[in-house]
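Encoded as structure tokens, the structure appears first; notes follow it.
Every number here is computed from the coordinates shown, using simple stated rules; none is lab data. Please read these numbers as outputs of a predicted model, since none were measured by experiment. Don't worry about glycine lacking a Cβ; one is built from the backbone with ideal geometry, like all the others, and counts go over all protein chains shown.
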Amino acid sequence: MGQDSIVLTAQKRHFANQNKRSARVLGFQASFKARITEGVIFSAAYNYTRGRIQNDGQSDSPLDHIPPVYGRVGVKYDLPKDPAKLNAEIFVLFNGKKDIKNYLLNGEDNERYAVPNYGMPAWWTFNARLSSQFFGKLTLQTGLDNIFDVQYRVFASGIHAPGRHLFVAARYSFERLISRFFNFLVVNLFGLIK
């Protein structure tokens, strides 16, 4: 006679992660760029996101990992006709407050890093950069970030952002050298294949 069931493993219960609820995410991004004078450009960007979990007929609850408003505002001086291709920029990075009521209870928003009964505070940093290009290939850059030494934490990050810091960088473009090298390889490889 036939059996009514087959036991494949000794394990009686199986668990699986399932997306059982739905969520609604809304947002917008706006940016603006305008030439003030020859070589001086003003730019701004603003980002807003809102996310809610849809609970079957009940009130909505906050969705995890939704950042507060954030953006960037700056002025850049860039003269392409200048032989040294001098480029200077000052800009502000900003992040709005994320209220504690917008954290999902027992969610993954790192609520433990928020200020109790408050949330994640808003912050802004003032930054400056300067760069110049030499010989068409070498770019030297320096900058001072977080000039006013603001203590802040990027939303959903487990560590504080760096305080005031100065950096110096040098970049050299090997584009032409690499292009010639690959052309040499291709010509010689195809020469050997024939």
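Give me the angle, in degrees from 0 to 90, between the Cα long axis of helix 175-193 and the longest principal axis of the Cα atoms of the chain, rounded to the nearest 10.
The helix 175-193 is inclined about 80 degrees to the chain.
Please give me the summed charge of the neighbours of Phe42: other residues whose Cβ is under 14 Å from its Cβ, Lys and Arg +1, Asp and Glu -1.
Spelling it out: positives minus negatives among the neighbours equals +1.
Magnitude of the Cβ-charge dipole of the chain, K/R +1 and D/E -1, about the Cα centre, nearest 20 debye?
Taking the Cα centre of the chain as origin, the dipole is about 460 debye.
Quick one: if you take sqrt(5λ) for each eigenvalue of the C-alpha gyration tensor of region 24-73, what semi-axes come out, biggest first, whole angstrom?
Semi-axes (√(5λ), whole Å): 37, 8, 5.
Can you work out the base-10 log of I(q)/I(0) for the chain at q = 0.20 1/Å, using the Debye formula on its C-alpha atoms alone?
Taken in order of the listed q values, log10 I(q)/I(0) reads -1.36.
Could you tally up the Lys pairs in the chain with alpha carbons closer than 18 Å? Skip any pair fewer than 8 positions apart unless they're on separate chains.
Lysine pairs meeting the criterion: 4.
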